[in-house]
Structures are given as C-alpha cells and as structure tokens.
1. Can you name every one of the helices (runs of 4 or more DSSP H) wholly within region 204-323 that holds 1 or more residues which are among the acidic types (Asp, Glu)?
2. Of everything in region 114-158, what is among the hydroxyl-bearing types (Ser, Thr, Tyr), touching a helix residue (DSSP H, G or I) at 6+ places or on another chain (Cβ under 9 Å) and surrounded by fewer than 19 Cβ atoms within 10 Å (Cβ to Cβ)? Give them in sequence order.
3. Just to be sure I understand, how many residues within region 245-282 are under 30 Å from the mean Cα position of the chain (by Cα) and in contact (Cβ under 8 Å) with a residue 24 or more places away in the chain?
4. Which members of region 30-47 meet the condition of being under 19 Å from residue 79 (Cβ atoms), touching a residue at least 24 places away in the same chain (Cβ under 8 Å) and of a type outside the set (Phe, Trp, Tyr)?
5. Scan region 43-77 residue by residue and report those that are modelled with pLDDT under 95 and farther than 29 Å from residue 159 by Cβ.
6. What number goes with the only condition from (1) at positive phi; (2) out of contact with any Phe, Trp or Tyr (no Cβ under 7 Å at 6 or more places or on another chain); (3) hydroxyl-bearing (Ser, Thr, Tyr) that residue 73 does not pass?
7. Suppose we keep only residues that are out of contact with any helix residue (DSSP H, G or I) (no Cβ under 6 Å at 6 or more places or on another chain) and free of Cβ contacts under 8 Å to residues at least 60 places away in the same chain within region 81-105. Which one would you say is surrounded by the most Cβ atoms within 10 Å (Cβ to Cβ)?
8. Regarding region 51-60, can at least one residue be identified that is within 24 Å of the chain's Cα centre (by Cα), touching a residue at least 24 places away in the same chain (Cβ under 8 Å) and part of a loop (DSSP other than H, G, I, E, B)?
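The values are calculated or read from the model by the stated rules, or taken from the named source; none is laboratory data. As the structure is a prediction and not an experimental result, all values here were calculated from the model. Cβ coordinates were reconstructed from backbone atoms using ideal geometry, including for glycine residues, and neighbour counts include every protein chain displayed.
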Amino acid sequence: MLSKASLKERRQYYREEWSVDDLPKFITEGITQREFGFDHLGQGPNDRYKVFKGSDALKKFLRQRSPFAAYISVAFYNNPRRRGDWQKAEYIFDVDAKDIPIRSCNCEGVCETCLGEALEIVNSLIDTLSENLSLKNLHLVYSGRGYHIRILDEDMMLSGSDLRGEVLKYVAGAEVPKTQYSNLDSTNKAYNFEHFTIPVGYHKIFTSKVKYNILHLTGEESFDGINPKLMKDILKYRDYLNDNEWGLFKSKIGPIRYKNLIEAMAQINLATIDAKVSIDLKRILRLPSSLHSKVSMKCMEVKNRENFDPFKEAVPKFVWERKEGLDE
C-alpha cells in the first residue's frame, strides 16, 4: 500500500479526487500571503516562491502539473514571492512516525503500529498545548508519515524563535526539573514574554512523559546514559510506575543510575519532535489535501483525533484500485 505513486496515479488523484473543498479553512484564509513550493520529480521542493491568487488558481496548477509533492509556508508575507515583509508564522509541532525514539515496531518506513503511537504522542502534546497553555486555534494534520500540529493563536504566531524554543521544551518535557528526582518535582516558574506567558506545572508534564517512555521501552533501544544493565533493570522494575511508586522504582535503580535515566529521558522527549521545524519562522510544510507520493497517502486535516485511522481515511482511490488489481 505504501509504495511510490506514479505520474499516472498523481494525475488521477489531482484530476479526479482532489477538491478545493479539501483545503482546510486555515489554509484558504490568507492564501495570497503564503509561499508555495513544489517537488515535481521526487527530489525535494525545488520549485519555490509560487504565489496563487486563490484556491481556483491552485486547483488549476495542481491539475496541470500533478506534482510529486506540494508545500505551503507556515509564514504569512506581504510579498510571499520573495518571502519579503514577514508578518507572522504558524507554530508547528512535527512528529514523524519513523523518527520516534521509542516505538514498538521495527518497520523501515511507517506502519499501522508506529503511526498509532505517533497519534498517541500528538494527542498528548495537544492536550498540554490546550490545557496548560490555553492555546485554542490548533489544527492536527496527517502528513503521510506522521503528524503536524499547526497552531494559529495570534500570540504564538507573532512570537520569535526564542519563545518558540521555550514552549517546545515545556510541552515536550525536554529539560530535567531543577530539584532532585525523588518525585520529579520542580520549582514552579512562569516565563513571561512579550506576547505570551508560559505557566507553572512543568513537573507534571515531565513526569507523565518519562513514565510513558519507560512503560513503552522494548529493551532493544540504545540511548546515551542507558547501558544494557540499566535497561535490563528498568524493564524489571518499571511496573512500580503503574502505581506511581517512583520512590520504590528509584531505590531499585539506584540514585546515580536514576539520574542518568532521567537525563536520558529529557533528551528522548526532545527527539520525539523535530525541533528545527518548531523554531523555524519560514518553514514550508506539506499542503493539507496534497498527495504524499512516496507513500501514496493523502496529507489531510484530522477532524477526529481520537479515532483517526490513516489507513481508512487517507488512502487515495488509486491505491484501492491497485489492491483490487492484485486480488483479481
């Protein structure tokens, strides 16, 4: 199913299946202020700085060219053809299933298992963004190999790389809390920026992510700070965490090795998200509704993030026709 789409299949998709109505509203609003980029040969987005007067102009281009991949800028410009006079940019969390540090499968690309785990991770991130940071204008997009959380709250869109980096570390759980590790407590601190305030409550976020990681380890992973003996003991004693018995877990691991474990977990948390995408103010991302031709899946906005199944909702018609041809 996840094989590369041919030019014939791309033409079929954009001429028979793709619709302007598939473009999310957050894309169509302000479309003239965005830069578009395209990959026509499967070698990366080298056709850049495209601008469209509206959705119909984009529709005409896609039907004529049937690109291998289509991208749109997270930034809004007064002069998008030159990426000039930057106004604001979406804030992005990019989770790619094949790059998740801890995953249950050993597939070389993406499969139902790792995509399911990626969805579980982004749902947790969205909960933190909405509940802890009170962000409301959140959109989840299935990218073909993972998920993009696209945030359009005005305060975040006006922010620079420094704030984006601080929010990333907070939401990802990318720093060890300052106090010792008995209960993973930290001194609560609110960070105040020009357009935004990062609230207290970080220790709970960090604790939940560390617990998730430890309970999902397969034992086959290799991380700095976690040697094979420590990994064996983590797997042996991690059931204590199901009852939140952190003290017992720490006593079994030992204080020095526990410190190493917690520091490794902070790095793993950060590696779950593509940090470069989050702090980039001029990044281009896959256009929702476009075809991810490497895996023949639709990039699309997720309406029901709790029950989304990409192998049912993001599969183009030509893929089902392939399968029917094989079954005959």
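1. So the answer is 228-237, 255-271, 310-313.
2. 124 - this is the single residue of region 114-158 that is among the hydroxyl-bearing types (Ser, Thr, Tyr), touching a helix residue (DSSP H, G or I) at 6+ places or on another chain (Cβ under 9 Å) and surrounded by fewer than 19 Cβ atoms within 10 Å (Cβ to Cβ).
3. Result for region 245-282: 25.
4. Going through region 30-47, the residues under 19 Å from residue 79 (Cβ atoms) turn out to be 30-37, 47.
Now drop any that are not touching a residue at least 24 places away in the same chain (Cβ under 8 Å), which leaves 30-37.
Those that are under 19 Å from residue 79 (Cβ atoms), touching a residue at least 24 places away in the same chain (Cβ under 8 Å) and of a type outside the set (Phe, Trp, Tyr): 30, 31, 32, 33, 34, 35, 37.
5. The answer is 43, 46.
6. (1)
7. Result: 98.
8. At the first step, the residues of region 51-60 found to be within 24 Å of the chain's Cα centre (by Cα) are none.
Scanning region 51-60, I find no residue that is within 24 Å of the chain's Cα centre (by Cα), touching a residue at least 24 places away in the same chain (Cβ under 8 Å) and part of a loop (DSSP other than H, G, I, E, B), so the answer is no.
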